[in-house]
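Here is the structure we will look at, set down as structure tokens.
The values are calculated or read from the model by the stated rules, or taken from the named source; none is laboratory data. This one's a predicted model, so the numbers in the text were calculated from it and none came from an experiment. Methodologically, a virtual Cβ is constructed for each residue, glycine included, from the backbone with ideal geometry; neighbour enumeration extends over all protein chains shown. We work out accessible area using only protein heavy atoms, side chains counted, and drop any ligands, DNA or RNA first. Shrake-Rupley method; radii C 1.70, N 1.55, O 1.52, S 1.80 Å.
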Amino acid sequence: MAGKTKKRSGTGSKRPQPRGNPQRAQAPRDPRTRTRATLGDWIGAARLRTLPLAITPVLIGTGAARLVDDEFHWLLALGCLAVAVLLQIGVNYANDYSDGVRGTDDFRMGPARLTGAGKARPRTVLAVSFAFLGLAALAGLALTIRTQQWYLIPIGAVCIVAAWFYTGGKKPYGYNALGEVFVFVFFGLVATIGTTWIQVQAVPQEAWFGAVAAGLLACAVLLANNLRDIDQDRAAGKRTLSVLIGKRGTQALFTIFVLVPFAISSFLALVYPIAWLALMALLLALPAILIVWTFGKPRELVVALSLTSFASLAYGALLFWAFIG
């Protein structure tokens with residue numbers, strides 16, 4: 001009888017706490033009871049707070065084009081804006097899909113993603129991503145036909161391929177500390193200089209200065225995001241630049257990336273006095289730097305990310321004004 005009353009070993013031990021994204025851990029496993037994504041979830045997955053990063057280089061590039069030609073090429077500028085915004089949204093959905101199917105989002109502490117939280121089928125998220133990338137391609141094709149600059153087709157194809165392999169494919173470069181390189185090149189140099197070239201078939205040095213500034217601010221936003229997820233990315237095996245250089249290194253690099261663009265605008269102000277007004281964007285940028293250095297909870301970095309993104313937009317608008325003024 002003593003054997004029948006013997007307790008199983010380990011029954012009194014505590015259950016291990018789930019790691020990673022709390023919303024993913026609490027998501028019902030039964031597909032019939034799983035919460036479906038709402039319209040708000042889909043809009044959130046587009047990560048609207050990052051869209052100013054797509055607008056900034058178009059503003060700066062259009063302003064630089066005005067230095068070459070007194071005429072505004074509004075139709076071409078709007079086409080460039082459509083390409084940039086659609087590509088940005090497509091990248092955001094692609095990241096949601098790729099990080100979700102890899103299991104990387106199981107470790108995230110930020111806002112829940114569609115795929116990682118099980119709110120939408122991975123194939124649906126992938127289809128939406130391809131739809132936006134396809135729309136970006138169509139907008140780019142329209143620009144190509146309008147300008148007859150047929151070499152824009154392979155350049156656009158490279159942009160779309162680079163957008164996908166940021167977190168997609170077997171060896172995504174975003175998982176190997178190259179995310180900032182992608183952002184600087186494509187959302188800084190290519191977007192700004194491409195906008196200027198498409199409008200006037202020339203690239204003044206002001207466009208290069210503005211491209212560097214736009215690229216650095218975009219990289220700063222990515223650093224704020226990766227600083228928030230540094231511990232989770234390390235646990236998931238995602239080797240971002242922040243994982244490699246650590247918290248203090250990321251904070252220092254973020255500060256440099258935010259402040260250098262204002263040094264650039266101050267230099268440009270020697271020729272274009274209105275560029276001094278770009279310093280007003282520091283009203284958003286400096287609080288972001290303060291948060292990055294003093295944050296207590298990871299979610300506070302979402303505020304820093306948003307402030308930096310809108311500082312970029314304000315910077316681009318004021319530099320645009322300086323160039324056309």
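Which shape class applies to segment 60-208: rounded if a/c is under 1.5, otherwise prolate when a/b exceeds b/c and oblate if not, where a ≥ b ≥ c are the square roots of the Cα gyration tensor eigenvalues? Prolate.
Across segment 167-214, Cα-Cα distances exceeding 13 Å account for 59% of all pairs.
When the Gaussian network model of the chain links Cα atoms closer than 10 Å, the mean-square fluctuations of A191, A157, A84 top out at A157. Among the protein heavy atoms of segment 217-325, carbon and sulfur supply 73% of the accessible surface, probe 1.4 Å, non-protein parts ignored. For segment 173-325, the square roots a ≥ b ≥ c of the C-alpha gyration tensor eigenvalues yield an a/c of 1.5 or more together with a/b not exceeding b/c, which makes the shape oblate.
Summarising the label geometry, the points placed 7 Å from Cα in the beta-carbon direction at L75 and L39 lie 3.3 nm from one another. Within 10 Å, at most 11 other Cβ atoms, and a DSSP state outside H, G, I, E, B define an exposed site. Report the longest part of the chain free of exposed trypsin sites (Lys or Arg not before Pro). Maximal segment without exposed cleavage sites: 171-325. Between the alpha-carbon centres of segment 189-248 and segment 108-165 there is a gap of 18 Å.
Spin-label model, Q205/R123: points 7 Å from Cα along the beta carbon direction are separated by 5.6 nm. Based on the alpha-carbon gyration tensor of segment 155-244 and its eigenvalue square roots a ≥ b ≥ c, which shape applies: rounded if a/c is under 1.5, prolate if not and a/b is larger than b/c, or oblate? The shape class here is oblate. Sparsely packed loop sites in segment 36-79 (the chymotrypsin sites (Phe, Trp or Tyr not before Pro) outside DSSP H, G, I, E and B with at most 15 other Cβ atoms within 10 Å) comprise F72.
So, counting K/R as plus one and D/E as minus one, what does the shell of residues with Cβ under 14 Å around G325 add up to? Around G325, the charge tally is -1. The 3J(HN,Hα) values that the Karplus relation (6.51, -1.76, 1.60; θ = phi - 60°) gives for segment 188-195 are, in residue order, x, 5, 4, 5, 6, 5, x, 4 Hz. Gly and Pro appear as x.
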